[in-house]
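K.L.:
If you scroll down you'll find the structure; I have some questions about it.
The values are calculated or read from the model by the stated rules, or taken from the named source; none is laboratory data. Here the structure is a predicted model, which means the values were calculated and not measured. Ideal geometry is used to build each Cβ from the backbone, glycine not excepted, and the neighbour counts take in all protein chains shown.
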Amino acid sequence: MKCPTCSHSETKVIDSRLNGDGGSIRRRRECEKCEYRFTTYEYVEQVPLMVVKKDGRRQAFDRTRVVSGLMKACEKRPVSIERIEEITVEIERTIQKKFDREIDSKVIGELVMEKLSQLDEVAYVRFASVYRQFRDVNQFMQELKSILDKEKPASPAAARVVPNLPIRRYSGAAKAQPATGALEAREDRFKQKDDPKQQDRRK
């Protein structure tokens, strides 16, 4: 494979990894002349799928267009190239499972928007503004409002669930205390012991 920088034909593979879904192999290559490193992907060759454009024209499905659209939407966002590649593979596999020969371009756009809505809100709004071609600010605000509505937390009353736990009640009367009469009788007994007249009578 030629080097994309110096066009030298001799490059070597320094790392190979199987993609998460097992549908492709990611290879890291290095040019033997300028030592430039780049990444390639190996896929199973599929029957070309035709994309039907808005004006009725048909063209072969090109995954690089999907990657390009995702990269523009995710520009200056915390989204790695690897994640963009994974999303592209997921979209491509979904298309291959559901469609055999032709697919409407609108379906591809909706799949990309669905993935971006789960990935990054700013990237989603960027892509939606170009794809849906908002005619005025009101349409843009409606789309933004739909995103914010999805993020609204549940009401505090609904979020807090207090279980019905049994409540134990303790009354002061339940404590074991001597009766009032018993206390008075005990006090009288102690007084009799200390009284000298009572001691003389005992003698």
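K.L.:
State which residue pairs qualify: first residue outside the structural domain of V89 (by TED's automatic domain parsing) and surrounded by 10 or more Cβ atoms within 10 Å (Cβ to Cβ) and inside the stretch 10-25, second residue aliphatic (A, V, I, L, M) and assigned to a loop (DSSP other than H, G, I, E, B) in any location, beta carbons under 6 Å apart, and separation of 6 or more residues or different chains.
P.N.:
Qualifying pairs under 6 Å: T11/M1.
K.L.:
Going by what's in this entry, would A128 be described as touching an Asp or Glu at 6+ places or on another chain (Cβ under 7 Å) and modelled with pLDDT of 75 or more? Give the derivation first.
P.N.:
On the way: touching an Asp or Glu at 6+ places or on another chain (Cβ under 7 Å): yes; modelled with pLDDT of 75 or more: yes.
Judged against the criteria, A128 is a match.
K.L.:
Tell me yes or no: at least one residue of the stretch 31-46 is crowded, with 16+ Cβ neighbours inside 10 Å, of a type outside the set (S, T, N, Q) and not assigned by TED's automatic domain parsing to the domain that holds Y124. Write out each step before concluding.
P.N.:
Of all residues in the stretch 31-46, those crowded, with 16+ Cβ neighbours inside 10 Å come to 31.
Next, only the ones that are of a type outside the set (S, T, N, Q) stay: 31.
Retained after the next criterion (residues that are not assigned by TED's automatic domain parsing to the domain that holds Y124): 31.
Yes, the stretch 31-46 has at least one match.
K.L.:
Working carefully through the options I147, I81, find the one that is hydrophobic (A, V, I, L, M, F, W, C) and at pLDDT 80 or above. Quick ask: steps written out before the conclusion?
P.N.:
Numbers: I147 fails: at pLDDT 80 or above.
Unique residue meeting the criteria: I81.
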